[in-house]
Structures are given as C-alpha cells and as structure tokens.
Amino acid sequence: MKPVSVPIETIEDAKPPASSIGVTGWARKNLFSSTFNSVLTLLIAFGLLRTIPPFIKWAFFDAVWSGGGETCKSAAGACWAVITNNVRFILFGFFPYNQQWRPVLAISLLVVFILYSRSRKRWNRYLLVAWPIGLATMGLVMRGGVFGLPVVETEKWSGISLTLLLSIFGLSAAYPLGVILALGRRSKMPAIKNLSVIYIELIRGVPLISMLFMASVMLPLFLPEGITINKILRAQVAIILFTAAYIAEVVRGGLQAIPRGQYEAAEALGLNYYMKMRLIVLPQALKTVIPPTVSILISAFKDTSLVVIIGLFDLLRTTHVTLSNPEWMGFSNEAYLFTAMIYFVGCFFMSDFSRRLERDLKTER
C-alpha cells in the first residue's frame, strides 16, 4: 500500500477537539472525569443552588443597613445595622472615642509594613532594623505620652488592636524561641537537652486555657506584695510560651529531615556549631517546614480569642458586649459573621504568604 503524505501546513493547522479545550475541556477533566465525579459534581451544584441564592437574598437584598434595633426586627433579611451602629466599639472597644484615630494609624502602619515585607527582594538588614522601630512607634502611638498625645493605659486597649497586639508580638517572639528549643532538644549536652524536652512536653501536655488561667490568676499569688504585672503582658507571655513549644517540634522534624551528609560537610569545612546551623542546616530545615509552621501560626492567631476567658476585651469580647445590649439581642449571626470575616482575612493572608514563600524558595525541588 502506497503511504499517504500529509502536507506540513495541514499538520500545523490541526487543532485539538473542542471538547478538550477551554471551559468544556476543563469541566470534562476536573468535574466529569468519571461517573462518581459526575454524580458528586451534580450533588454539590444542587446544594449550592439551594443555599447560595437564599443567602445572597438574606445578606444583601432583604438586609437592613441602618437604623435601630426596632427597624431590624421587622426586616426579612440580615440586620447589618448592628455592625454599622457599633463598628467603632467592636473594633476599638474602650479606647477613648476621640483618640480612636491612634489605633487606626497604628494598624495602618502595621499593614504597610506587612505588605512591604511580602516580597523577599526587600528582605535585608535595613528591613530587620525597621521592623522593631516600626513596632515601637506603633506602641508609642497607642499609649501616648509623647508628641503631646494623652496617655491611654493598656487596660483600655481592646478590640482589634488588642487582637493584633497579642498575635503579632506573640508570633514574632514564639518563632525564634521555638527554633532555640528545637536546637536545644537536639543538643548533645544532656542538661540543655533534658530541659528542652521537659519544657516542650510539659507545655504541649496542657491546653492554652490552663496557661492563661495560670498567668492571670496563679502568677500574681507568687509575686511580692505591691508588685503587679500587666494582665495583657501576662496573657502575651502565656501565648508565646505555648506557641513556641509547638513550633519547636515542627522545627525539630525539619532538622531531622536534613541528611547527615550536610552536617558532615559543614564540619569538614571547619565551621563551628553557630556557623553550621546558621549557614547550612537551619536554612534548609526552616524551608522544609514552612507549611506546618504556618499552620501553627494560624492556629495561634485564632487562639488569641481565648483571652476572653480571663477578662481581656479582644475583638470577640467587644462583639459579645455589643450583643449584650437589649437593642441588639437576637442579631448575633450578623455580628459574629463580621468578626469571622476579620479572622478569615488574617488567616488567609498568612496562608497566601506561605504559598508565595514556598514558591519563591522552590521547596518542592
């Protein structure tokens, strides 16, 4: 049989079937690739059609955006007036009303620092110095006493400013402490290793609520008469110590994952322990454990809401106080949904930053 020759132009002009490209091809590959996937896709689509349109109607079209509690009681949809009427108290709590621009300025500075620091190209010694200066400036703006600003005691720091204070300072201090504990647990010095093991296992063996109660109730009993420690500082220390123990175990796993040859190569170069860890081991270990580390930090960020049980007025507590007003009773769905969205934004930002960092460092290779 004589072979049939096909012109090159014809081969180059040939296109894939319409069913394998575009939206149709994506749907066939991801949603309807098998009978089970097809049935599952249809069930999920049916559930979304039954829930999403009613939710949109409740949250937007039938919602009340302004007015008092009496107006909301006659509405068929959501009562977002509970947020619009109380948003300043929910976000800033008992911070003096005419001074609430100060936490707004401090939070804005924090957001600018975070957004600027997202790119690894900007990570240098100047940024390392700028962060402590920026955090100190935020603290001065919040407390006052300088530049003619009236002093606002920390007992009045509440709402989102307290939540961010506990989370940002807590996570910043817990991470290096966790790394030190992980190195201590793998130390060849028995005293340091045993102390690190005892600390990590003891802290991981109790819930955060217990540590908060210890810091708030038990610690003052051991202090000399007349000496007190700020309640926010006590809660901050408890969160740092608790989070550091979990980070230590994650980092220890990363250290154990480094091949023995890396340690031996560093020793063959004549590097001392400090140089070996800083230049060879820790960069690889910390890069490997980015996902579990960020998971712990996200959990710690959400766990700051537990300070409500020791009387601190964080974002969750100010929301609860708002709902205790008889005028706004019965509208907890809207209030807690607003609070949940704020926590979601914070957690999503950390998760997105983790993905970006993994991609930049190419941890999969």
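Every number in this text was worked out from the coordinates using simple rules, so none of it is lab data. Computed from a prediction, not measured in an experiment: that's the story for all the values here. Don't worry about glycine lacking a Cβ; one is built from the backbone with ideal geometry, like all the others, and counts go over all protein chains shown.
In the chain, helical runs assigned H by DSSP with n ≥ 4 each contribute -39500 (n - 2.57); averaged across all residues and rounded to the nearest 500, the mean residue ellipticity at 222 nm is -20500 deg cm²/dmol. By the count of other C-beta atoms within 10 Å, a proxy for reagent exposure, VAL141, VAL129 are ordered fewest to most as VAL129, VAL141.
For the chain, take the alpha-carbon Rg, divide it by the Kirkwood Rh, and send me Rg/Rh.
Working: Rg = 27.3 Å, Rh = 25.2 Å.
On the Cα set of the chain, Rg over Rh gives 1.08.
Restricting the calculation to Cα atoms, every distinct pair contributes to the Kirkwood radius of the stretch 96-151, found to be 12.3 Å. The count of lysine pairs in the chain that are at least 8 places apart or cross chains, and whose C-alpha atoms lie under 24 Å apart, stands at 15.
Note on the chain: dipole from Cβ charges, positive end direction compared against GLY144, ALA335, SER295; the farthest Cα belongs to SER295.
Going by how many other beta carbons lie within 10 Å of each one, how would you line up ARG125, ARG143, fewest first?
On the way: ARG125 7, ARG143 16.
So the residues, fewest neighbours to most, are ARG125, ARG143.
Scanning the chain for helices, which whole DSSP H stretches are 27 Å or more long along the axis (Cα) and average 0.5 or more by Kyte-Doolittle? Present the calculation step by step, with values, prior to reporting the outcome.
Details: long enough: 35-56 (31 Å, 1.47); 125-143 (28 Å, 1.12); 160-185 (36 Å, 1.72); 231-257 (40 Å, 1.09); 332-361 (43 Å, 0.23).
Length and hydropathy pass: 35-56, 125-143, 160-185, 231-257.
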